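Please treat every number below as a calculation from the coordinates, not as lab data. Please read all numbers here as calculations on a predicted model, not as lab measurements. Glycine also receives a Cβ, built like all others from the backbone with ideal geometry; neighbour counts cover every protein chain displayed.
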């Protein structure tokens, strides 16, 4: 089945980007946000992003208009009922997601593929909640969606081959490089990334090295664009703790998932990184102070 119509639930940080790349790929997109103010804000982000691409000469003005015209904002979940694919991009709360997929399982057509953009929760649990686990996949895009080249396409033990293949092709249509992943904690990227970040914190706890030296070593020794403490600050210490807390609860015997005490302490202190102005570094907007 060639996916022609896409529903995106949530028009926030991730949802607006998913809607934009799907429309850029030629799909008709219904983007749903319960709060009209949040919906308007998300649509304005899309319009601003398209304008930047035009200004940089990466998109013709007529193409930008056509992309925008393929995006249909809505506050009604029922408006995605006839979509070929529906992608969830709401708050990272498993109960909220399961409740949403239960409703989507009731209102969407039987052939519809249901997908979650979660970075950490089990796709299978959401598929079971929907009542049609055979049509459930993960489509984990990365932030910012418009710029990042990767999408993880996640299959469960119950996912039909046709649903997986169609979702994989949809990733290509969005201009991304899709990779196939099983429904395991963190899929591919976060399964490797989160333990790496946690071990960097443990190195600081043990006094092995300073944040600056760890970051410099990984940038110059491994060619990474930023070191682990810089990255922790950039994405948010609370975000990393949220993911690791969930994994530690589910897999208490796995030492790689154990949350360092220092991470908990910093989050309690409100030192969340870039978003709060201070984490392992002090920040001025999106830049580390003094750099």
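Summary of computed values
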read-out	value
Test: residue in region 142-165 that is in contact with a strand residue (DSSP E or B) (Cβ under 6 Å, 6 or more places away or on another chain) and without any contact (Cβ under 8 Å) to a residue 24 or more places away in the chain	no
Pairs with Cβ under 7 Å, 6+ apart, first in region 187-203 and touching a residue at least 24 places away in the same chain (Cβ under 8 Å), second surrounded by fewer than 18 Cβ atoms within 10 Å (Cβ to Cβ) and part of a helix (DSSP H, G or I)	195/256; 201/262
Residue match in region 213-228 (condition: touching a strand residue (DSSP E or B) at 6+ places or on another chain (Cβ under 8 Å) and either surrounded by fewer than 17 Cβ atoms within 10 Å (Cβ to Cβ) or free of Cβ contacts under 8 Å to residues at least 60 places away in the same chain (or both))	no
Residues within region 145-175 that are more than 14 Å from the chain's Cα centre (by Cα) and either in a loop (DSSP other than H, G, I, E, B) or surrounded by fewer than 22 Cβ atoms within 10 Å (Cβ to Cβ) (or both), tallied	16
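Matching residues to (1) assigned to a loop (DSSP other than H, G, I, E, B); (2) surrounded by fewer than 24 Cβ atoms within 10 Å (Cβ to Cβ); (3) in contact (Cβ under 8 Å) with a residue 40 or more places away in the chain:
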| residue | (1), (2), (3) |
| --- | --- |
| 7 | no, no, yes |
| 17 | no, no, yes |
| 23 | no, no, yes |
| 31 | no, no, yes |
| 34 | yes, yes, yes |
| 37 | no, yes, no |
